[in-house]
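The values are calculated or read from the model by the stated rules, or taken from the named source; none is laboratory data. Values in this document were obtained by computation on a predicted structure and should not be read as measured data. Note that we place each Cβ from the backbone using ideal geometry, even for glycine, and neighbour counts take in every protein chain shown. Side chains are part of the model used for accessible areas, which takes the heavy atoms of the whole protein and leaves out ligands, DNA and RNA. Shrake-Rupley method; radii C 1.70, N 1.55, O 1.52, S 1.80 Å.
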Amino acid sequence: MELVNEFINYSTDLIINGGLIIGIALIILESFVPILPLGVMVALITNAYGLFLGIIISWLANCTGCYLVYLSSYHLSENIMNKFLSVKTKEKIEKNTNKFQKISLPNLVAIITLPFTPSFAINLLAGFSKMNKKKYIIAIGIGKIFMISFWAYIGKSFIESMSDLKTIIAIIVMLVLAYIISKIVSKKIDIE
């Protein structure tokens, strides 16, 4: 326990003393290197800057990182598929990406909102499928604020959080709110 506290204190001090750039860079980097623990980084930034500012910083950084991954896969997908994949594999990928491209905005937001959804895979699929940029940005913006809030709120281990009734209720409320907001936005701007 002492080692964990030392790590938290050291990391928080590093983020505070190194400035906002370190926290933002870590979260953007996580978008490209999915093995980095986003929940830990959000918890550290929230610890360093407070709940509200920590959520805003983490949300903006995570949305930026996700969008950069999306743009990379959007622009490189044809080159990658043409150079490295067989025709049969390419056809299989195109079939799956076409299905993903047609996912409704509310369902995409719901998937993004889930804290344990592999964000890197969603961003790649959105780019490979040439998903509408407006739809993608809206989905990321809505879904990520709830997902980041979840990580900021939790700030403790997965097992502990899943055994706490208040946390389970908060997760359900965040998912329902994200779904409702995405439905309203979808109707207002006519995106499916």
All positions within region 22-56 that are assigned to a helix (DSSP H, G or I), farther than 16 Å from Lys144 by Cα and of a type outside the set (A, V, I, L, M, F, W, C): Gly23, Asn47, Tyr49
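Rundown of residues vs (1) at pLDDT 90 or above; (2) buried (at least 22 other Cβ atoms within 10 Å of the Cβ), yes/no style:
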| residue | (1), (2) |
| --- | --- |
| Ile111 | no, no |
| Asn123 | yes, yes |
| Phe128 | no, yes |
| Tyr136 | yes, yes |
| Ile148 | yes, yes |
| Gly155 | no, no |
| Ser161 | no, no |
| Ile180 | no, no |
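Please enumerate the residues belonging to region 32-74 that are under 16 Å from Phe116 (Cβ atoms), in contact (Cβ under 8 Å) with a residue 40 or more places away in the chain and open to solvent by less than 50 Å² (accessible area, probe 1.4 Å). Give the steps one after another, and end with the answer.
If we filter region 32-74 for residues that are under 16 Å from Phe116 (Cβ atoms), which is where we start, we get 34-43, 62, 66.
After this cut, where a residue has to be in contact (Cβ under 8 Å) with a residue 40 or more places away in the chain as well, the list is 34, 38-39, 42-43, 62, 66.
Selection gives Leu38, Gly39, Val42, Ala43, Asn62, Cys66.
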Does region 50-67 contain at least one residue that is at pLDDT below 80 and in contact with a helix residue (DSSP H, G or I) (Cβ under 6 Å, 6 or more places away or on another chain)? no
